[in-house]
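These notes concern the structure reproduced below.
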Amino acid sequence: MLVETAGASATIAIAASALVGPAQVGARFIEFGALRVVHPLVSARLATILHPLGAGALALFGPGAVIVFAVLHGAGNGLLTIARGTLPLAVFGPIGYGPRSGLLSAPARAAQSLGPYVLGLLLDRMGTASIAIPAVLSLVAFFALVLLGPVGAAPAVAKA
């Protein structure tokens with residue numbers, strides 16, 4: 001619905017939607033390949049910046065950037081699923097990993113459950129401008145990860 005609201009035809013909207021899943025999987029392959037040697041913070045930062053980049057392309061270029069938006073959004077989401085597991089381990093270590101990961105993920109899971117409903121309401125009221133809200137939230141997450149400081153090589157325990 002978002003990409004159709006942005007002016008894409010139904011055919012392009014379906015094609016773009018069909019690319020989200022492969023972009024997620026492709027990003028995970030890149031994570032397990034090229035990004036395996038970098039600190040999980042790098043992957044997390046990349047994951048959080050891809051959606052705003054796609055939203056920016058959509059805002060700047062309109063329906064011509066629908067495919068770019070879908071691929072960047074999907075890739076960011078794919079990387080984020082990996083970062084959710086590796087980042088707490090790299091930052092806090094293995095002791096108490098399970099409970100800490102659960103505690104950290106609880107607010108995100110609650111937000112995810114409300115996300116589609118809230119975005120649907122925003123789309124009805126704001127149209128394509130509503131994409132700015134998740135883009136800004138992703139940018140906030142990106143800058144929070146930047147504040148965690150510089151990173152070196154991936155810790156051996158974090159990306160086995």
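Please treat every number below as a calculation from the coordinates, not as lab data. Keep in mind the model is a prediction, meaning the values are calculated, not measured. Cβ coordinates were reconstructed from backbone atoms using ideal geometry, including for glycine residues, and neighbour counts include every protein chain displayed.
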* Structure fact -> Along the dipole axis of the chain (charges at Cβ: +1 for Lys and Arg, -1 for Asp and Glu; origin at the Cα centre), the most positive-end residue among GLY120, ALA144, SER9 is ALA144
* Which of the peptides 32-44, 91-103 is most tightly packed, and how do the rest follow, judged by the mean count of other Cβ atoms within 10 Å per residue? -> 32-44, 91-103
* Given the peptides 63-70, 135-142, arrange them by the average over their residues of other C-beta atoms within 10 Å, most packed first. => 63-70, 135-142
* Asked: Any idea what the relative contact order of the chain is, in percent, if you count C-alpha pairs under 8 Å spaced at least 6 apart?
  -> 35 percent
* Considering only ALA57, PHE29, HIS39, whose Cα is most displaced toward the positive end of the charge dipole of the chain, charges sitting on Cβ of Lys, Arg (+1) and Asp, Glu (-1)? -> HIS39
* Structure fact -> Only helices counted: for the chain, with every DSSP H run of 4 or more residues adding -39500 (n - 2.57) and the sum spread over all residues, [θ] at 222 nm is -26500 deg cm²/dmol
* Computed label-point distance, nm, for sites SER101 and VAL37 using a 7 Å Cα→Cβ extension -> 2.6 nm
